[in-house]
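The block underneath contains the structure these notes are about, expressed in structure tokens.
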Amino acid sequence: MRSSGVDGAASTEQAPDHRATRLLSLSFRTFVFWGAGVAALILAVGYQVGALVRLVPFLVFLPAVVAGVGAVWQTAAVSVWILLVAAVTFTLRGGIDVTDAYSLLLAAAFGALSTAACWYRIRHGEETARRRSHEDEVRRLRSTVAELQRRILRPLPARAGGVVVDGRYRPVEEDRMVGGDVYEVVDSPHGVRVLIADVQGKGLPAIGTAFSVLGAFRSTAYRTKDIRELVDAMEDAVVQYNFHAQQIEEPERFVTALILDIDEQAKVCAVNCGHIPPYLVRPGRTGPVALSEPGAPLGLGGLVPEPRALGEFALPPDGALLLCTDGVTEARDRGGAFYPLEERLRGWEDVPSERVIETLAADLRRFTGDHFRDDVTALTLYREGATAVGGRQPVG
């Protein structure tokens, strides 16, 4: 459907060009008739008042008028026509003297300049039209991808297995909704599975890799109980996508990801694939969760012989767990300073869990002046009993 839509739009754009050419030809015929009338009028007036030779040079301005509205050959034709009218007029008067020759040379030069100006106008207009057509095509493509991404990424907040997941997602090109960050929440028979991932690069080239990771996570999260098997399936998806990318001479990409499994007792099992660690926000004990060293990003797991480490911790009823991409930690203010995430979180220990993500988003906008250099994704997870349940969307 996307291809037919683009093709259809291209056909629509071509039709006005043909109509514009036709209208230009018709208007030129009218102008030639009008131009001939103007030339005849000037000649008649000049003949009647005895100032024919002095009025003829005014005809050289007609090519300049045509250059602004007509084609190159039309401007050249009018220039030749004016030159012939002037030459015939001078000849009938009694011959071409030195002054008349200079006048004819001036008319020829003015006609040549008008023709050159017309050529430049048309060429510049065609380049502008091609550039706008390309920009429109890219805009339509991005709009299609944006709609696809809106349908694929789950709306938040969501409720699953006694856990509320809220978040904010902002691509670096916010109006196009195209980024390399993905997230997902799956309420599986084995527990609540949560994914946040950041694909190397951004924009359209990173979308394919991001969707492959998202698809592998969704399909495997329901089937397997072991979270490490889920991570292995995502690793295979990235490897397969990179193999395909290599065949079509596109760059291979890796993906940093954090995968969580939360059981009914709010015990969290986590596998970190080169991603930013989670942060726990709670009164008196705010900071990054102590996990083992991050493993290799997805797509690079084959370079590390050791199996991916599994970390465990509890999600307390009075705390919120924050997951984010490097678009948060590497956000900069106007002076180039990085966003002090941990410092900010410690100042929000008394903020209700359901308002942590809202507070973070507002503070990020103030800190950066609403200017972001990378995709920004942040999720908060907290136990359902810590806040009212109204207005949340269950995960289906």
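A short reminder: the numbers here are calculations on the coordinates, not readings from a lab. As the structure is a prediction and not an experimental result, all values here were calculated from the model. With ideal geometry, Cβ positions are generated from the backbone for all residues, glycine too; neighbour counts draw on all protein chains shown.
Restricting the calculation to alpha carbons of region 250-395 gives Rg and Dmax of 16.4, 48 angstrom.
Could you give the length gained on full extension between HIS190 and ALA112, defined as 0.36 nm per residue of separation minus the Cα-Cα distance, in nm? Numbers along the way, then the final one.
Values: separation 78, 0.36 × 78 = 28.08 nm, distance 8.12 nm.
Roughly 20.0 nm would be gained on extension.
Label separation (ASP326 vs VAL351): 2.4 nm, computed from points 7 Å beyond Cα along the C-beta direction. What the Cβ-Cβ distance of LEU84 and GLU127 gives, at R0 = 22 Å and to the nearest 0.05, is a FRET efficiency of 0.05. Which whole-number percent is the relative contact order of region 153-394 (Cα, under 8 Å, 6+ apart)? 25 percent. Remark on ALA331: its backbone amide H falls under 5 Å from those of TYR339, a criterion applied only to residues 5 or more positions apart or on other chains, H modelled at 1.01 Å from N. Under 5 Å from the amide H of GLY167 lie the amide H atoms of THR380, each residue being 5 or more positions distant or on a separate chain, with H modelled from the backbone and absent for Pro and chain starts. Dimensions of region 153-394 from C-alpha coordinates, computed as largest minus smallest value along each principal axis and given longest first, are 52, 45, 33 Å. Between amide H atoms placed 1.01 Å from N, distances below 5 Å from ILE276 occur with no residue 5 or more places distant or on a separate chain. Couplings 3J(HN,Hα) for region 308-316, derived from phi with the Karplus relation 6.51 cos²θ - 1.76 cosθ + 1.60 (θ = phi - 60°), are 5, 6, 10, x, 10, 6, 9, 9, x Hz, where x marks Gly and Pro. Each residue of region 357-363 was assigned a 3J(HN,Hα) from its phi angle through the Karplus curve 6.51 cos²θ - 1.76 cosθ + 1.60 (θ = phi - 60°); the sequence is 5, 5, 5, 4, 4, 5, 5 Hz, with glycine and proline shown as x.
Sorted into 10 angstrom bins from 0, the C-alpha pair distances of region 178-297 split as 13, 43, 31, 11, 2, 0 percent.
Taken one residue at a time, the phi angles of region 215-231 give Karplus couplings (6.51, -1.76, 1.60, θ = phi - 60°) of x, 5, 5, 5, 6, 8, 4, 7, 8, 9, 8, 7, 5, 5, 5, 4, 5 Hz. Gly and Pro are set to x.
Each peptide in 306-314, 377-385, 277-285 was scored by the mean count of other Cβ atoms within 10 Å over its residues; highest first, the order is 377-385, 277-285, 306-314.
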